[in-house]
Every structure is written in C-alpha cells, then in structure tokens.
Amino acid sequence: MNKKILSTDQTPENISKVLEVLTETPKKLESLSKGLSKEKLREPLGKGERSFTEDLTHLINGEARSSEMIYQALLVKEPFFSDFHPDRDWGKLTRFDLLDFSDLLVYFKTRRKILLRVLSGLKDAEWSRTIREEGKKRKESVYWRARTIVMHELDHIQDLEKKLGK
C-alpha cells in the first residue's frame with residue numbers, strides 16, 4: 001500500500017483500510033522480530049541507521065503524539081497542540097529506547113488495542129473532528145492523524161522487511 005492507495009480523502013473505504021493496517025502492524029512487527037536475539041534487535045540495521053528496537057521506539061513516539069491528538073479531538077472542540085518533536089522531545093522525556101524490545105512490543109500492542117477500540121466505533125462526523133497544531137495553518141482531522149500513523153508505519157514496515165530480508 002502506498003500513498004496513492006490510501007488517499008487523504010475520508011471515505012468509508014479509506015477508513016476501513018486505515019483500520020486494517022492499524023490492526024496488522026503489531027502482527028507484522030512481531031513476525032519480523034521472531035528469531036532475532038536481544039543483541040540483534042539492538043544492532044543498527046545499516047550504517048548510520050536505527051536498530052529494530054530504536055525503530056519500534058520511533059514508531060511508539062510518533063503514534064503516541066498522533067493518538068493524543070485523536071483522543072483530544074474526540075473529547076473537545078478543536079484542541080490546540082504545541083509543536084514538539086515525537087523523538088527529539090517526547091522520546092528524550094520518555095526514554096522508551098531503554099526498554100527491551102519485548103517490553104516495547106507489548107506496550108505497542110496494548111496502545112494499538114486501545115486506539116483501535118476508540119477508532120472502530122466512530123461515526124463519520126467523529127472521523128472529521130479536528131485539531132490545531134502550533135505552526136500549521138490547516139486543521140487536521142481524526143482521519144488525517146490516523147492516516148498519518150498508517151503511512152508512517154507502512155514505510156517503516158517495508159524498510160524493516162527489506163533490511164531483514166523477510
């Protein structure tokens with residue numbers, strides 16, 4: 001799936017694709033990590049690149065930022081978010097990178113169950129609810145933020161599959 005297949009248009013078909021990818025990502029991460037030692041999970045995947053553990057940490061940081069926006073958009077009208085970076089700011093605070101891969105994967109799967117539980121019951125109007133983010137003129141909808149998570153994760157999954165030869 002690429003950006004052309006999952007457009008920015010909020011349609012029932014695209015919402016279904018978003019939910020499908022969000023459901024599949026934890027399974028793919030688990031499958032890709034099978035058979036890799038703790039040491040291998042911490043080795044860079046290439047020169048100057050992240051390890052699998054660092055990549056999962058990166059996905060968690062990005063998902064946390066977008067999920068927070070989604071949840072608040074569903075709770076209040078057009079919440080405002082300060083501009084901070086998921087890795088450079090949030091990641092330095094939370095230090096998920098210090099956890100073992102197995103703990104990170106359990107955490108990721110738990111977060112994903114919660115996100116899917118919230119998203120699965122939304123009506124079209126709720127998918128359209130928006131947030132405002134510092135430094136951006138456009139408002140972003142719940143659909144837009146969920147799609148952002150999907151597109152980001154798809155890129156990383158494809159990259160991991162290639163680098164791990166799976």
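Computed from the coordinates by the stated procedures, all read-outs in this text should not be read as laboratory data. The model shown is predicted, which means the values in this text are computed figures rather than measured ones. Here the Cβ is made from the backbone with ideal geometry for all residues, glycine too, and neighbour counts use every protein chain on show.
The table that follows gives values for the structure above.
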{"quantity": "In segment 24-45, residue surrounded by the fewest Cβ atoms within 10 Å (Cβ to Cβ) [restricted to those that are over 18 Å from residue 150 (Cα atoms) and in contact with a Phe, Trp or Tyr (Cβ under 9 Å, 6 or more places away or on another chain)]", "calculated": "38"}
{"quantity": "Test: residue in segment 134-143 that is closer than 30 Å to residue 45 by Cα, touching a helix residue (DSSP H, G or I) at 6+ places or on another chain (Cβ under 6 Å) and surrounded by 14 or more Cβ atoms within 10 Å (Cβ to Cβ)", "calculated": "no"}
{"quantity": "Condition met for residue 75 (more than 19 Å from the chain's Cα centre (by Cα), within 17 Å of residue 133 (Cβ to Cβ) and among the hydrophobic types (A, V, I, L, M, F, W, C))", "calculated": "yes"}
{"quantity": "Hits in segment 123-166 - residues which are of a type in the set (Gly, Ala, Ser) and either outside any helix (DSSP H, G or I) or in contact with a Ser or Thr (Cβ under 6 Å, 6 or more places away or on another chain) (or both)", "calculated": "128, 135, 141, 165"}
{"quantity": "Hey, residue 59 touching a residue at least 12 places away in the same chain (Cβ under 8 Å), under 15 Å from residue 106 (Cβ atoms) and either exposed (fewer than 12 other Cβ atoms within 10 Å of the Cβ) or not aromatic (Phe, Trp, Tyr) (or both) or not", "calculated": "yes"}
{"quantity": "Qualifying residue in segment 62-77 (condition: closer than 14 Å to residue 149 by Cα and in contact with a His (Cβ under 6 Å, 6 or more places away or on another chain))", "calculated": "yes"}
{"quantity": "Single match in 93, 116, 154, 99 (criterion: crowded, with 18+ Cβ neighbours inside 10 Å and hydrophobic (A, V, I, L, M, F, W, C))", "calculated": "154"}
{"quantity": "Checklist (1) touching a residue at least 40 places away in the same chain (Cβ under 8 Å); (2) surrounded by fewer than 17 Cβ atoms within 10 Å (Cβ to Cβ); (3) out of contact with any Pro (no Cβ under 9 Å at 6 or more places or on another chain); (4) closer than 17 Å to residue 17 by Cα applied to residue 121, failing item", "calculated": "(1)"}
